[in-house]
1. Is it fair to say B:E159 is without any contact (Cβ under 8 Å) to a residue 40 or more places away in the chain and under 23 Å from the mean Cα position of the chain (by Cα)?
2. Taking the criterion of being within 14 Å of another protein chain (Cβ to nearest Cβ), out of contact with any Cys (no Cβ under 8 Å at 6 or more places or on another chain), surrounded by fewer than 14 Cβ atoms within 10 Å (Cβ to Cβ) and more than 28 Å from B:V71 (Cβ to Cβ), would at least one residue in region B:110-127 satisfy it?
3. Quick check on region B:39-50. Is at least one of its residues of a type in the set (S, T, N, Q), in a helix (DSSP H, G or I), within 29 Å of the chain's Cα centre (by Cα) and modelled with pLDDT of 85 or more?
4. Quick one: which residue in A:A221, A:A289 is under 21 Å from A:A23 (Cα atoms), within 11 Å of another protein chain (Cβ to nearest Cβ) and modelled with pLDDT under 90?
5. Test B:A196 against the stated conditions and say whether it is more than 9 Å from every other protein chain (Cβ to nearest Cβ) and under 29 Å from B:R242 (Cβ atoms).
6. Mind checking which residues of region B:163-173 are facing chain A (nearest Cβ under 9 Å) and surrounded by fewer than 18 Cβ atoms within 10 Å (Cβ to Cβ)?
7. Being surrounded by fewer than 23 Cβ atoms within 10 Å (Cβ to Cβ), more than 30 Å from A:T271 (Cα to Cα) and aliphatic (A, V, I, L, M) narrows it down to one residue among A:A234, A:A192, A:A177, A:A221; which is it?
8. If we keep just the residues of region A:108-131 that are more than 10 Å from chain B (Cβ to nearest Cβ) and in a helix (DSSP H, G or I), which is modelled with the highest pLDDT?
Amino acid sequence: MNEDQIVQLLILMLKGASPLIFAALGELIVEKSGVLNLGVEGMMLMGAVAGFIGASEYGFVVGIFFAMAAGVLMSLLFGVLTLSLVSNQVATGLALTIFGIGLSAFVGIPFESTKLESTIGVIEIPLLADIPLLGPLLFKHDPLLYLSIVLLALVSWFLYRTRGGLILRAVGESHDAAHALGYSVIKIRYIAVAFGGAMAGLGGAYLSLVLTPGWEQDMTAQRGWIALALVVFATWRPMRVLVGAWLFGGLTILNLWAQSQGIGLPQQLLTALPFLATIVVLVLISRDAAMIRLNAPASLGKPFHPTS
Amino acid sequence: MRVKLEPRVASSQWMRYGGPVMALAATVIVGAILFAALGKNPANGIYAFFIAPVTTLPGVADLLVKATPLVICAIGLSIGFRGNVWNIGAEGQLIVGAVCGGAMALAFYPDDGWYVLSFMVLAGMAGGMAWAAIPAFLRSRFNVNEILTSLMLTYVAIELWKYMITGPLLDPGGSSFPQSREFPPGTLFGVIFESARTSVLFAVAVILAGWLFMTRALQGFKVDVVGQAIQAAHYAGFSQRRVVWLSFLVAGGAAGLAGLIEITGPIKQLPLKFTPGYGFVAIIVAFVGRLHPVGMTIAALLMALMFLGGDELQFELNLPPAIAGMFQGLLLFFVLASEVLIRFRIRVIRSARRTAPEASQAGAGE
């Protein structure tokens with residue numbers, strides 16, 4: 001394998017990581033506000049299909065907007081049920097995923113196995129893109145991939161360097177204390193949940209507009225669930241999401257590479273590998289109970305109803 | 001004017017039973033709107049989805065065949081859900097149960113004495129339990145979130161299934177099409193009518209056992225206390241760890257049984273794909289049935305009807321069967337939304353200033 005091929009594999013790894021970064025960052029903010037939304041997979045699928053429909057009819061910008069809007073609408077459905085109507089978050093999130101799988105299959109029928117007229121294109125950073133090896137690896141990507149990195153930095157800055165981030169974390173740590181201080185817990189959680197929806201939608205759009213591109217039923221292939229696991233893996237810290245996403249992106253690429261090389265392992269084992277790896281990683285992170293307690297939002301998944 | 005939720009002093013009995021009925025009505029209405037939006041006749045769509053599948057005797061038999069694994073899985077899962085243990089990997093446990101039960105039939109092949117089916121049932125349940133024991137162990141030993149591990153194991157189980165039917169359990173006599181050989185006739189459950197088989201009796205037994213456990217057994221009460229008031233459970237000395245293990249083993253055994261029943265019915269082999277997501281839909285069944293055995297039985301019949309309705313729509317209106325999942329999710333949304341009315345009442349406040357003291361008095365009198 002020569003240098004060019006290695007660079008190509010690494011680029012594929014970065015691309016594979018992008019949808020996970022979007023979805024996991026969104027869920028991280030949701031969980032930091034104390035809400036557990038297990039509907040990421042459903043929101044991603046709706047984002048993927050809406051993004052593809054928008055892009056086929058009106059171009060990429062509209063497609064991306066459609067994807068985010070679809071994710072937000074799905075997340076607001078979740079928000080109304082869990083925040084306003086105080087329903088069980090786990091059950092509602094699962095219902096959102098099952099509903100999203102069905103609805104996306106349904107609205108996507110006319111668009112199955114159709115193609116986009118163009119590709120999204122790459123942005124080459126002048127001069128830097130010409131550096132050998134590093135240029136194509138770091139400075140020659142589609143705009144959404146850059147966006148995922150920018151959003152990662154923004155979320156990190158927002159959570160730990162702004163007043164808004166402090167309030168969000170306070171709501172997630174103790175909604176009663178935040179409520180007593182006069183913050184509207186429900187309103188803040190609605191905003192967080194909607195942000196999570198928009199990001200999951202973007203993650204889905206990355207799949208249907210850039211990575212595949214195209215629309216097929218269930219095309220997320222459990223990436224929504226892996227994103228949920230990444231949030232735990234990252235112990236709710238944005239920058240660690242990046243490491244986790246690269247690891248999983250790398251695993252997927254390794255899988256493709258191993259299959260093409262005809263390694264003596266059964267193909268099924270290779271396909272199961274990302275899921276087994278997720279379990280191993282979760283064990284390694286979770287066995288340190290003190291670290292989880294220190295980093296997990298203390299009110300995660302607990303219902304809140306303001307009594308006055 | 002604003003709308004406000006007020007906690008009820010006692011939960012509403014009327015809403016407890018009326019809520020799901022209203023939720024079903026809302027699902028039908030939304031369904032009709034959807035069909036109209038697609039340019040199909042809403043009445044035809046609703047008829048094809050909810051009524052046409054059960055207008056014939058074979059249809060009723062199919063309904064029982066589909067409802068059986070759903071209700072068995074759901075009752076197993078509901079014990080965990082009552083105890084705040086979130087096993088969402090019943091699909092994987094069901095698959096492993098079917099692999100183990102099927103492997104037992106193939107190991108005895110061509111022997112098909114009555115004992116073979118008994119061994120198959122035991123192997124199916126043991127397989128489901130073993131698969132469920134993994135997340136239970138990880139949760140109780142390493143504190144790993146069981147939601148993610150049980151789900152990830154489902155996808156591992158799917159790959160295990162594919163490996164088994166293309167490798168060790170591949171039909172030795174057939175072409176290389178990935179499936180096992182057919183089980184001998186004696187290893188199948190007997191036919192009652194049409195496609196309905198005696199395995200339906202397992203569903204009845206599980207429903208009864210679930211009801212007894214939840215309402216009459218001390219351990220069932222302990223599960224409820226751990227689920228609803230963990231601190232009270234600690235004071236009373238009820239072990240959370242034990243509830244985790246119990247929940248997973250019961251759910252895994254039930255799911256394994258459901259998988260075994262599925263392959264010893266009309267399918268009678270290990271095919272490439274045999275479950276339309278029973279393990280996932282069973283979660284919906286559990287919540288739509290409000291974690292009560294009778295409610296879950298009704299919910300399982302309803303979800304089975306939606307599976308059949310999905311097939312019917314594909315046949316009649318050329319819509320994808322995935323639409324069944326959409327209706328199933330929709331119904332669960334409405335049931336979850338209606339649940340708020342059990343614990344809260346909705347009050348519309350016209351002008352917030354004057355009526356506030358009045359409102360709080362009225363609320364206390366409820």
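The values are calculated or read from the model by the stated rules, or taken from the named source; none is laboratory data. Fair warning: this is a prediction, and the values are worked out from it, not measured in the lab. Every residue, glycine as well, gets a Cβ built from its backbone with ideal geometry; the counts of neighbours run over all protein chains shown.
1. On the way: without any contact (Cβ under 8 Å) to a residue 40 or more places away in the chain: yes; under 23 Å from the mean Cα position of the chain (by Cα): yes.
Yes, satisfied.
2. Just the residues of region B:110-127 that are within 14 Å of another protein chain (Cβ to nearest Cβ), to begin with: none.
There is no residue in region B:110-127 that is within 14 Å of another protein chain (Cβ to nearest Cβ), out of contact with any Cys (no Cβ under 8 Å at 6 or more places or on another chain), surrounded by fewer than 14 Cβ atoms within 10 Å (Cβ to Cβ) and more than 28 Å from B:V71 (Cβ to Cβ).
3. So the first thing to find is which residues in region B:39-50 are of a type in the set (S, T, N, Q), and the list is B:41, B:44.
Now narrow it down to the ones that are in a helix (DSSP H, G or I): B:44.
If we keep only those that are within 29 Å of the chain's Cα centre (by Cα) too, we end up with B:44.
In the following step, the residues that additionally are modelled with pLDDT of 85 or more were identified as B:44.
Yes; the residues of region B:39-50 include at least one that is of a type in the set (S, T, N, Q), in a helix (DSSP H, G or I), within 29 Å of the chain's Cα centre (by Cα) and modelled with pLDDT of 85 or more.
4. On the way: A:A289 fails: under 21 Å from A:A23 (Cα atoms).
Criteria check complete, one pass: A:A221.
5. Values: more than 9 Å from every other protein chain (Cβ to nearest Cβ): yes; under 29 Å from B:R242 (Cβ atoms): no.
Here the answer is no, as B:A196 does not meet what is asked.
6. B:T166, B:G167
7. Going through A:A234, A:A192, A:A177, A:A221 in turn, just one is surrounded by fewer than 23 Cβ atoms within 10 Å (Cβ to Cβ), more than 30 Å from A:T271 (Cα to Cα) and aliphatic (A, V, I, L, M): A:A177.
8. Of region A:108-131, the ones more than 10 Å from chain B (Cβ to nearest Cβ) are A:110-111, A:113-131.
Now narrow it down to the ones that are in a helix (DSSP H, G or I): A:110-111, A:128-130.
Numbers: A:P110: 86, A:F111: 90, A:L128: 76, A:A129: 74, A:D130: 76.
Only one residue tops the list, namely A:F111.
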